[in-house]
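The values are calculated or read from the model by the stated rules, or taken from the named source; none is laboratory data. Quick caveat: nothing in here was measured; it's all calculated off a predicted structure. Note that each Cβ is placed from the backbone with ideal geometry, even for glycine, and that neighbours are counted across all protein chains shown. What goes into the accessible areas is simple: the full protein's heavy atoms, side chains included, and nothing from ligands, DNA or RNA. Shrake-Rupley method; radii C 1.70, N 1.55, O 1.52, S 1.80 Å.
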Amino acid sequence: MAWLTAGEGYEITLEDRRVVARRAGGRQLKALPKMLRDSPEVDRLRQLGEWLDRHAASCVAQVDAWMVSSLPVPTELIARVWPDEAWQAALRDMAVVGDDPDEVGFLRDVSGDGELKVVDLDGETVRLSPRTVTLPHPVLLPDLDDVRDFAVDLGITQKVEQIHRATWARPDGSDAGRPETATEIRDYAGGKFASRFGLAARATGLGYRVSGGYATCKVRDGGRSTEASVWIGEPYWDGESETGGLSWHDEDGRAVRLTEVGPVAWSEGMRMAAALYAGRTIEEGGDA
C-alpha cells in the first residue's frame, strides 16, 4: 500500500493491518507520533484495517463452510476471487477434488485463464479445469494418514483446518455397544463448568451457535442437512453447569438414530462435543 500524507512532514500506511508512520520520504518510525494518533487520516486507515480483518475472517469462514459441507464450488468462482489476497490465503493449499473423486491435489495457484494448478499426491503439478471442485472434509478422504504425511513433506499450511482437522469415525453397529434405536451419545457428557455462562461462552468462542439450552452446529452431509447439538444447561441458570449428551436432528427437528448419522455430521458433532468437554474444570488433589 502507498504512503499517504498525514500532518505536516509525516506519511502513514498500513502494515499487517496496523497503521505505521514515517517522516516524509524517510525511515519508518517505531511508534505513531502523538500528533497523528487522533488525526482523521489515521482513523480512516484504522477503519480500513479493521474492515480487512473482517473480510479475511469471512473468507476463511466461507471456505470452512464449503469444506465442512463438501459442497461443489464453481471453478469460475475460485478463479474470480483468487486475485483477492484474503481469498487467496484462505484457499491456497486446500485439498481439492475435481472430476475424479479419487484424485486429490493441493491448490497452489490459479492461472489467468481460470485453470487451477494443484500438486497431486505424486508430487506433480497438474492443471484442472472442471466445472466444479470439491473441498472434501478429511473424514471423506481415503488414506487420510498418507495424505497428512505428504502434506507435512510438502510443507503445506492451511488457513482453514482441513487436512489436520480432528476427525471421528462412526463405529459400526456391531462395535458400538449401543441399541440400534439409540439417538444420543454421552462420551463427552459430564464435563463440569463453574457456570452455564462460561460453558456457553466457550461454545460461541469456538464458533458454535447457542440456542436455548444447546450448543449446535449444522452440517450438510450426503445431500441432507443435519444439526448436532450438545446440552449445556438451561438459559439464565447462574449456577454450575455441565455438558450433556450429543444428538443429531434432521431438518424437521426429528432425532436421527446414531446408525443413520452421516460420516461428516458424526465427525463434526463429536468434534464439537470434545472441544466443549476439553474446557471443563479439572479436579485436583486426592479426591480428584
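Things to note:
- Given +1 at the Cβ of Lys and Arg, -1 at the Cβ of Asp and Glu and no other charges, the dipole of the stretch 238-282 around its Cα centre is 220 debye to the nearest 20.
- For the stretch 98-199, the fraction of alpha-carbon pairs in successive 5 Å shells from zero, as %: 2, 9, 16, 16, 14, 10, 10, 9, 8, 5, 2, 0
- Residues residue 154 and residue 234, FRET efficiency given R0 of 45 Å [Cβ-Cβ distance, rounded to 0.05]: 0.40
- A straight chain from residue 192 to residue 132 at 0.36 nm per residue would run longer than the Cα-Cα distance by 17.1 nm.
- Alpha-carbon Rg/Rh ratio, for the stretch 138-287, with Rh computed the Kirkwood way: 1.01
- Label-to-label distance, nm, for residues given as residue 38 and residue 103 (7 Å Cα→Cβ offset): 6.3
- Stretching the chain fully between residue 57 and residue 210 yields a gain of 53.1 nm (0.36 nm per residue, less the alpha carbon separation).
- Accessible area of residue 164 in the full protein assembly, 1.4 Å probe (Å², nearest 10): 100
- Computing FRET efficiency as 1/(1 + (r/R0)^6) for residue 172 and residue 113, where r is the C-beta to C-beta distance and R0 is 35 Å, gives about 0.15.
- For the set 216, 167, solvent exposure ranked by accessible area (probe 1.4 Å, protein chains only) runs largest to smallest as 167, 216.
- Contact order normalised by residue count of the stretch 21-115, Cα under 8 Å, 6+ apart, percent: 18
- Taking the 1.4 Å solvent-accessible surface of the chain as the whole, the part contributed by carbon and sulfur is 46%.
- Those lysines that a straight Cα-Cα span of less than 17 Å connects to residue 30, excepting residues fewer than 8 apart in one chain: none
- Taking all protein chains together and rolling a 1.4 Å probe, residue 270 ends up with roughly 10 Å² accessible.
- Cβ-based charge dipole, the chain, positive-most Cα from 273, 183, 208: 208
- Mean accessible surface per residue for the stretch 1-146, computed with a 1.4 Å probe while every protein chain stays in place, in Å²: 58
- Surface exposure of the stretch 147-286, expressed per residue as accessible area with a 1.4 Å probe, stands at 55 Å².
- Here the calculated FRET efficiency for residue 3 and residue 77, from their Cβ-Cβ distance with R0 = 41 Å, stands at 0.75, rounded to the nearest 0.05.
- Between residue 28 and residue 254, the simple label model (points 7 Å from Cα in the Cβ direction) yields a spacing of 6.0 nm.
- For residue 117, the lysines whose Cα comes closer than 30 Å to its Cα, not counting residues fewer than 8 places off in the same chain, are 159.
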